[in-house]
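Here's the structure we're looking at; comments come further down.
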Amino acid sequence: MMLSVAKQNLSPLGNADALTLESLLPEGRLQAEPAWLAALRKDHFARFMEGDHSFGRYSRLKTDWTTLTPAAPQFHVSDGGDGGILPVPGTGPLVRRLADDLSAETGEHLPAHLKALATWDHLVLAGWRDGVAVTWPSGSEAAGVPGIVFENPGGLVLEPLLLEVAPRQEAALFLRWTGGGPPALHLSSLMGSVGEGASLKVFILHDCESLQHHLSSQLQLGRDASVELFTAWTAGKWTVARWAADLTQPGAEWRETHLIFTSGKDHLDVDSQVRLASHHTHCDVQVKTVATESSRAIFTGDILMEKEAVQSEAYLADHVLLLSKGARADSIPGLEIKAADVKASHAASVGQVDEEQLFYLESRGLDPASARHLIVVGFLESLLDRAPVSFVSEMLDPILERKVTA
């Protein structure tokens, strides 16, 4: 069966008439896979065809992605030099290549996690060639943080990342996108579940200057489960990140932190959507951005507290520091409350380096450049107290020093 996108323009600059499900996969793979997986791919591709193919209100991709050659993700499990560790077989989390794991799947387990958040997730789940599955089974040790490092093979790269944390299990994970390479568009989908009473801590470092990247995340949280997400966006040619949390179980907690530094002509669009739909739930979203040169950073945050979210708490904050006249930042926070007996607040600011702070530091002997440097680094590093894993400061300190000094 040939599925095509006839008469649809999926990109403002591209012609996707020739795009088919078969063109995304190696020859013969669709026919060689289990029938349930082939049917799943076809369903997601059909949904992609019918969806909205824009990248959001504020983001336009200048590359004709339909001309890029499909490529499998290129990644490795950290050996320790990247901050994470190699999991010890039998004691820690199970890190598997998704393509290798199919032989062990029955056709019932995997589809439960292959759920799309947005149109582009449907394309990922239709045409992926490989990906990562990480499982923290009951009783696994949490002595270290497994790290997965993604590089750029060039082309159209579809990257599914499946996470599963067993009930009452502690879990942590480090993800990094790095390196240069040929023109590419990476479409990454982070999905999975955090069981009842379990906790998941995720640190994401994005420092690939040439990368064009669309990343979306949707995790299912059980009762009294918690997720701490800390991202550092320090380099990326064009990046769109969509985060969604749907807290439908009592006691679920979501903590989200973004540290952002854009420079050159970087374009970064971060969107966070959190829905509190049960009692005693909690969310805390905080963002700090430094934008310089002619870069642009956008943050859109929306917290919805449904009428069922009694005795819940929500906080949203976004603060931006502009270092040049050509830099632009948009801060768009939103808070909608339908419940009584809740605590909720939000804050936002966009400004430049405070002249009074500069004057104070200069009056104590610092030259103007050093004073400015100290203010900028201090502005961002105040977020590091929210780091979910121990090596965040160690990794980010030299990167921030280099970025601020440049």
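Structure notes:
- Residue in segment 234-251 that is of a type in the set (D, E), within 22 Å of E381 (Cα to Cα) and in a strand (DSSP E or B) present: no
- Sole residue being at pLDDT 95 or above and either surrounded by fewer than 23 Cβ atoms within 10 Å (Cβ to Cβ) or over 23 Å from P93 (Cα atoms) (or both), chosen from T231, T239: T231
- Pair list, Cβ < 7 Å and 6+ apart or interchain, from segment 358-370 residues that are in a helix (DSSP H, G or I) to residues that are modelled with pLDDT under 70: P368/L358; P368/E362
- Sub-9 Å Cβ pairs linking a first residue in segment 320-340 that is modelled with pLDDT of 90 or more and of a type in the set (K, R) to a second residue that is in a strand (DSSP E or B) and crowded, with 17+ Cβ neighbours inside 10 Å, at least 6 apart or interchain, are R328/A291; R328/R296; R328/A297; R328/I298; R328/L322; K338/L304; K338/M305, ordered by first then second residue.
- Residue within segment 25-34 that is modelled with pLDDT under 85, over 24 Å from the mean Cα position of the chain (by Cα) and of a type outside the set (D, E, K, R) present: yes
- Residues of segment 196-214 that turn out to be more than 13 Å from V165 (Cα to Cα) and touching a Leu at 6+ places or on another chain (Cβ under 7 Å), as a count: 3
- Residues (of a type in the set (D, E) and either surrounded by 13 or more Cβ atoms within 10 Å (Cβ to Cβ) or in contact (Cβ under 8 Å) with a residue 60 or more places away in the chain (or both)) located in segment 380-402: E381, E394, D397
- Some residue of segment 164-172 being within 17 Å of the chain's Cα centre (by Cα) and in contact (Cβ under 8 Å) with a residue 24 or more places away in the chain: yes
- S11 vs. criteria modelled with pLDDT under 85, buried (at least 18 other Cβ atoms within 10 Å of the Cβ) and in contact with a Lys or Arg (Cβ under 9 Å, 6 or more places away or on another chain): no
- Per-region count, segment 257-287, residues closer than 12 Å to I303 by Cα and acidic (D, E): 2
- Candidates A309, A297 - the one that is aliphatic (A, V, I, L, M), crowded, with 20+ Cβ neighbours inside 10 Å and assigned to a loop (DSSP other than H, G, I, E, B): A309
The values are calculated or read from the model by the stated rules, or taken from the named source; none is laboratory data. In this text the structure is predicted, and so the values were computed from the model without any measurement. Because the Cβ atoms are built from the backbone with ideal geometry, glycine has one as well, and the counts that use them run over all protein chains shown.
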